[in-house]
Amino acid sequence: MAVTAASTAQAVEAVFRIESARIIAGVTRIVRDVGIAEEIAQDALVAALEQWPGAGVPDRPGAWLMTTAKHRAIDLVRRKETYARKLAEVGRTLEDVQPPAEPADPEDIDDDLLRLVFTACHPVLATEARIALTLRLVGGLTTREIARAHLVSEPTVAQRIVRAKRSLAAADVPFEVPYGADREARLASVLEVIYLIFNEGYAATAGDDLLRPALCEDALRLARVLAHLMPEEPEVHGLAALLEFQASRTAARTGPDGEPVLLADQNRARWNRLLVHRGVEALQRAGTGPYSVQAAIAGCHAAAVRYEDTDWATIAALYGRLVRLVPSPVVELNRAVAVSMDQGPQAALPLVDALAAEPALRSYHLLPSVRGDLLERLGRPQEARAEFERAAGLTCNAQERTLLLRRAARL
């Protein structure tokens, strides 16, 4: 019996992990408060843990959890003094609490989830709070998992999430997908959060590991869901294409001991061709915005069978377009790298030197790293060595530091 109870508990938790975002979104539509909605969803989880070991796992466990949570939400609304006003807001939901049919595809999620994404990424919250709340409510991660992923303490993450919920409630943020100019501004926030989550997984800013694959997977899943829910938004497809292409290289970016493998040295046979194919499909629906241009750059890399086949002229031109869309010294640095591969290091060195005075790059380890690479290719090993050592002193990632010091020692 103990084994059965344990296996049932595992089933409950697995189902809840998959369904929690839909449940929280569905309940939020009733109670209009993501904090209360999450508590009610947790209550439904507890009810399942109490009832399923004896009654068995239902045929449609997600629907069971959704129905239980919605009934509890409606009971809560009815107990409030403002029941009449809430009744008008809830409308049909109170009359018919039957859950929507479970999607055939786990990514086929109703519009409530889209509302939840826009709520969790509302600009009233600081970026760190948006990321934590999105991973918690939409990604289904625990506080401990979020803390481990971002190398901060559990209490810090817990406080961010609690304050985020309070801020949303205090600002009376509506549970809706905005339209017009407000939608464009809010969508930019949503895309930024997903992009930042992926980047932290793709190139960790600190810690012992270069990659945090779980964060990449969470961000990629969110991008796919958003593309499914907003098929007419070109930049959503642009972001999805970018993440598909970037994720396709993950297995080849590190060696057996977790050490970084530079793009020129990667075994392209290890690139995931299915993800490349998905990236190509998404890119066909992308537009001309910043994420779409970055996706086109990543697509150029994916199209090259060998490193030597890379179309650096097109990549340099695309970076030129990107810097006009989003002027940034980091984009300029990336353009300089592409120019060096297309026209040679001598053409790129002045571009890199011009960025030395940029305040935003003062502590950016990739600036001296790129400069060191150019100097090495120009046959100036002592200067290159100094740049690699300076870059190693700036990075907080142990694997990157080891690579940079190894390059310095070789010179």
- [ ] Enumerate by residue number the GluC sites (Glu not before Pro) in region 188-296 meeting two conditions: DSSP loop (anything except H, G, I, E, B), and at most 16 other Cβ atoms within 10 Å of the site's Cβ.
- [x] Glu232
Task: Per-residue ³J(HN,Hα) for region 316-333, Karplus 6.51 cos²θ - 1.76 cosθ + 1.60, θ = phi - 60°, Hz, x for Gly and Pro - done: 4, 5, 5, 5, x, 5, 5, 5, 6, 6, 9, x, 7, x, 5, 5, 4, 5
TODO: Post the alpha-carbon centroid distance, region 247-323 to region 34-68, in whole angstrom.
DONE: 42
Open item on the list: 5 Å is the cut-off here: which amide hydrogens, built 1.01 Å from N in the peptide plane, fall below it relative to Thr254, excluding neighbours closer than 5 in sequence?
Closed with: Val261
Task: For the chain, size of Cβ-based charge dipole, Lys and Arg +1, Asp and Glu -1, in debye - done: 580
Open item on the list: Tell me which trypsin sites (Lys or Arg not before Pro) from region 279-354 have a DSSP coil assignment and no more than 16 other beta carbons within 10 Å of their own.
Closed with: Arg306
TODO: Please build a GNM for the chain, connecting alpha carbons under 10 Å apart, and tell me which residue among Arg60, Arg270, Arg160 fluctuates the most.
DONE: Arg60
Task: Candidates Ala132, Ala48, Ala240, ranked by Gaussian network fluctuation over the chain, Cα under 10 Å, top entry - done: Ala48
Task: Distance histogram in 10 Å bins (all Cα pairs of region 130-180, percent per bin) - done: 25, 48, 22, 5
Open item on the list: Please give me, ordered by residue number, the GluC sites (Glu not before Pro) of region 108-190 that lie in loop per DSSP and have at most 16 other Cβ atoms within 10 Å.
Closed with: Glu176
- [ ] Please report, in debye to the nearest 20, how large the charge dipole of region 155-207 is about its Cα centre when each Lys and Arg carries +1 at its beta carbon and each Asp and Glu carries -1 there.
- [x] 260
TODO: Taking Rg and Dmax of the Cα atoms in Å as the quantity of interest, determine which of (1) 20.1, 60; (2) 25.1, 85; (3) 24.2, 79 was computed from the displayed structure.
DONE: (3)
TODO: In whole Hz, with x marking every Gly and Pro, tabulate ³J(HN,Hα) for region 269-277 from phi via Karplus 6.51 cos²θ - 1.76 cosθ + 1.60, θ = phi - 60°.
DONE: 5, 8, 5, 6, 5, 5, 5, 4, 4
- [ ] Would you work out which of Ala9, Ala147, Leu394 lies farthest towards the positive end of the dipole of the chain? Charges go on Cβ: Lys and Arg +1, Asp and Glu -1.
- [x] Leu394
Task: Karplus-derived 3J(HN,Hα), 6.51/-1.76/1.60, for each residue of region 162-169, Hz, glycine and proline x - done: 4, 5, 4, 4, 5, 5, 5, 5
- [ ] Please build a GNM for the chain, connecting alpha carbons under 10 Å apart, and tell me which residue among Glu39, Glu358, Glu233 fluctuates the most.
- [x] Glu358
Task: Among Leu322, Ala356, Val117 the positive-end extreme of the charge dipole of the chain (Cβ point charges) - done: Ala356
- [ ] Measure nothing but the geometry: give the 0 to 90° angle between the long axis through the Cα atoms of 234-248 and the longest principal axis through the Cα atoms of the chain, rounded to 10°.
- [x] 70
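Just so you know, all these numbers are worked out from the coordinates, no wet-lab data involved. Quick caveat: nothing in here was measured; it's all calculated off a predicted structure. As a convention, Cβ positions derive from the backbone with ideal geometry for all residues, glycine included, and neighbour counts pool all protein chains shown.
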